1. Describe numerically, in nm with one decimal, the distance between label points set 7 Å from Cα along Cα→Cβ at Ala344 and at Thr386.
2. So what is log10(I(q)/I(0)) for the range 29-108 at q = 0.13, 0.17, 0.22, 0.23 1/Å, when the Debye sum runs over its Cα atoms only?
3. State whether the range 103-230 is rounded, prolate or oblate according to the following rule on the C-alpha gyration tensor (a ≥ b ≥ c being the square roots of its eigenvalues): a/c under 1.5 gives rounded; otherwise a/b larger than b/c gives prolate, and the remaining case gives oblate.
4. Just want the answer: with Cβ charges of +1 for Lys and Arg and -1 for Asp and Glu, which residue in Asn106, Thr138, Gly90 is farthest toward the dipole's positive end in the range 71-158?
5. For the peptides 225-232, 383-390, what is the packing order when you average, over each peptide's residues, the other Cβ atoms within 10 Å and list the highest mean first?
6. Over the range 247-356, with a single point scatterer placed on each C-alpha, what log10 of the ratio I(q)/I(0) does the Debye formula yield at q = 0.11 1/Å?
7. Can you say what percent of the DSSP beta bridges in the chain, counting only those with both residues inside, are antiparallel? Round to 5.
8. Mind ranking Glu49, Glu433, Glu461 by accessible surface for me, highest first, 1.4 Å probe?
Amino acid sequence: MKILMARLNHETNTFSPVPTPLPAFSPLYGGDALAGFRGTRTALGAFIELAERAGATPITPVAAGAHPSGPVHAPAYDELTRRIIDAAPGCDAILLDLHGAMVAENTDDGEGDLLQRLRAAAPGAPIGVALDLHGNITEKMVRHADVMVGFKTYPHVDMHETGAHAGRLLWQTLTQGRRYAVCWRPLPLMSHTLRSGTQDGAMHQAVEAARAQEAAGVPAVSVFAGFSLADIAAPCVSVVATAEASARGMQAAQTAADHVAHGIWQARQDFVYPDEPLDVSLARARQMAQGASRPVLLLDHGDNCMSGGTCDTMDVLQAALALGLDGLAMGPLCDPQAVAHLFAAGVGAHVKLPLGNKQPLLQLGITKQPLPVQGVVRALSDGCYTVTGPAYTGQRFGMGRTAWLDIGPAQIVVTEQPHEPWDVGVFTCVGLEPAAQRFLLLKSRMYCRPVFGPMSEGIVECASVGVTSSNYALFPFAKVRRPVFPLDSL
């Protein structure tokens with residue numbers, strides 16, 4: 001028995017100026033994809049375990065994933081999807097590890113188009129899909145999948161469990177003759193990413209409601225927060241249920257999806273994140289730091305790398321310096337030009353240079369000026385580190401060449417590549433100790449929290465003007481289907 005299994009992941013911020021060519025995906029093909037993801041805590045890793053445990057043959061044409069950024073270049077989308085589709089004929093089943101919010105230069109529905117073409121290429125093969133909680137679900141995706149399961153955690157710590165869930169249902173189709181289908185309930189609700197954390201609040205309640213429906217017998221119920229920073233028809237919240245493919249089963253699953261969706265809609269205001277003025281946030285952070293023995297986290301959520309941010313906006317640092325904050329460490333800040341300058345100067349050199357704000361935010365009609373700074377180059381590094389925290393433990397990451405620039409009140413880690421602060425390694429790779437600072441300025445929303453949260457005095461979310469802002473008024477939405485909350489009163 002042959003099972004096609006592939007991974008193709010991208011969360012597309014259509015307002016981001018960060019390009020997404022084929023190399024951004026670091027694709028693995030064939031045997032390299034199989035070897036590279038065997039044993040990993042990913043949905044594809046779970047698929048591989050399932051196939052090998054059952055004695056089936058895994059067919060892995062591609063495993064590819066890029067950090068969130070602008071629309072996927074058309075040649076990249078065409079090449080990666082072609083490899084998956086070409087491998088489909090002759091396979092007994094298909095399992096896909098997708099994101100659910102991919103937009104390419106040649107399609108607004110990257111996953112839906114892929115699933116439609118797969119259905120045509122292998123009409124007799126059941127298709128199971130594991131998706132990110134921030135998927136923008138479409139009618140085409142629902143229509144061309146037999147099984148669909150989404151993450152139930154954010155930060156995402158159940159990628160493997162989600163793949164195992166989808167794989168288990170699909171395996172029942174192959175071995176027990178069970179038939180499944182997908183139904184859904186979309187909502188005209190653009191949720192904010194900072195309101196999609198599953199530890200508490202409205203999203204926690206929605207996910208618990210979905211779990212309760214599964215416990216009551218529905219094969220799978222998933223809440224998708226959507227990814228609203230995409231100018232497509234419906235970058236919105238939805239509830240998806242995988243049902244027994246019978247009239248009774250479909251009715252039960254649709255009722256379950258409707259029930260969960262009703263609860264979400266009743267709590268729709270709780271899915272909206274109200275931006276706090278930056279000066280108010282920083283004043284609160286200064287007060288929090290008084291007498292504290294641990295650093296206060298300043299999270300620059302308007303320039304979040306893992307939502308397509310440029311990782312180079314200077315708003316929060318500029319405002320913090322203007323307010324007189326010191327003992328501050330910031331990083332990573334992506335500025336390849338500055339890195340080249342600092343490496344040419346060398347360790348110990350006194351330098352003056354323009355820093356950050358190098359990437360114009362053209363879709364928002366915003367161009368910022370770099371911040372003139374002067375300071376001392378304290379350390380230079382290759383920017384590589386091994387994760388010691390609870391997410392991606394043991395994995396090796398690189399930020400490109402990396403420099404520690406000391407400008408007095410702030411210590412800045414400057415990198416060649418945008419990078420999410422997954423771990424203290426983003427600082428310690430240049431010898432900077434994050435726990436010894438008064439403030440840590442991180443360009444992150446959620447993924448930094450499991451590591452930096454426990455070592456901090458508290459967290460202050462800081463609103464910069466960037467392509468991951470929670471202020472929808474900054475974004476020139478043209479394709480979004482109206483009316484939609486909160487852009488419209490509903």
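The values are calculated or read from the model by the stated rules, or taken from the named source; none is laboratory data. Everything numeric in this text was worked out from a predicted model, so none of it was measured. Because the Cβ atoms are built from the backbone with ideal geometry, glycine has one as well, and the counts that use them run over all protein chains shown. Accessible surface is based on the protein model in full, side chains and every heavy atom, while ligands, DNA and RNA are left aside. Shrake-Rupley method; radii C 1.70, N 1.55, O 1.52, S 1.80 Å.
1. The two pseudo-label positions are separated by 3.6 nm.
2. Values, matching the q order: -0.44, -0.74, -1.13, -1.20.
3. oblate
4. Checked the options; the winner is Gly90.
5. 225-232, 383-390
6. Log10 of I(q)/I(0), two decimals: -0.60.
7. Of the beta bridges lying entirely in the chain, close to 45 percent run antiparallel.
8. Glu433, Glu49, Glu461
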